[in-house]
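Following: one structure in structure tokens, then a few remarks.
Laboratory data are not the source of any read-out in this text; all were calculated from the coordinates shown. Small disclaimer: the values here were computed from a predicted structure and weren't measured. We place every Cβ from the backbone using ideal geometry, glycine too, and count neighbours over all the protein chains shown.
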């Protein structure tokens with residue numbers, strides 16, 4: 001099983017990164033958006049991975065933090081929660097936030113995640129209490145701190161953010177409205193991760 005990949009970031013298109021190892025093999029890895037935003041093109045990165053095998057595909061999911069991978073693995077053990085939904089959950093909130101919402105029985109917070117309705121949220125709260133209680137996550141900060149992923153043109157930034165959100169289960173209109181709301185505050189976004197962060201805050205209701 002592939003558990004950890006270290007190499008140079010060759011390509012970034014949210015939420016996928018291609019990491020080239022020293023052996024000359026490049027791995028396409030799908031990451032939660034907060035992890036994706038910490039990567040920098042042409043820089044070295046170490047990513048904890050989960051190798052996911054389906055009948056029609058073999059996929060790699062990656063995480064900057066090993067504990068987030070542990071949470072991801074617990075999520076996909078739950079009936080009805082596939083890898084894509086688990087990735088969407090960890091894109092909408094950090095592992096620390098997810099654990100906090102579960103501990104607080106915050107049904108509303110989970111319902112903000114695409115594909116999760118009231119009944120699913122209630123079931124997740126029950127099942128996750130036991131699965132997450134023994135996983136220690138860093139709750140000293142509940143916002144990710146992205147670094148630079150430079151994209152020169154505003155249209156490319158918007159398209160990449162919208163595409164990433166849609167791939168994680170958000171509806172096109174919902175993604176567009178969140179991007180519009182994030183931009184309406186007058187902030188200038190010169191890179192992808194800045195707009196991603198602001199848009200995720202809109203979708204999370206913060």
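Entry note, the chain: relative contact order of 19 percent, from Cα contacts under 8 Å with a spacing of 6+ residues. The calculated FRET efficiency for residue 42 paired with residue 159, based on their beta-carbon distance and R0 = 22 Å, is about 0.50. Only helices enter this figure: runs of n ≥ 4 DSSP H residues, each worth -39500 (n - 2.57), summed and divided by the residues of the chain, yield -13000 deg cm²/dmol at 222 nm to the nearest 500.
Hey, how many Å between the Cα centroid of segment 72-101 and the Cα centroid of segment 155-206? Their Cα centres are 20 Å away from one another.
Placing a label point 7 Å from the Cα of residue 76 along the Cα-to-Cβ direction, the residues of segment 36-56 whose backbone N falls under 17 Å of that point are 36, 47-56. In units of the rule-of-thumb radius 2.2 N^0.38 Å, segment 1-43 shows an alpha carbon radius of gyration of 1.07. Just to be sure I understand the curve: with the Debye formula and one point per C-alpha of segment 20-71, what is log10 I(q)/I(0) at q = 0.15, 0.26 Å⁻¹? Treating every Cα as an identical point scatterer, log10 I(q)/I(0) equals -0.44, -1.13. At q = 0.07 Å⁻¹ the log10 of I(q)/I(0) for the chain amounts to -0.20, computed by Debye summation with a single uniform scatterer per C-alpha, solvent ignored. Size of segment 67-132: Rg and Dmax of its alpha carbons, in Å, are 10.1, 27.
Counting only the backbone N, which residues of segment 1-26 are under 11 Å from the spot 7 Å out from the Cα of residue 191 toward its beta-carbon? In segment 1-26, the label zone of residue 191 (backbone N under 11 Å from the point 7 Å along Cα→Cβ) covers no residue. The alpha carbons of segment 154-204 give a radius of gyration and a Dmax of 9.6, 27 Å, in that order.
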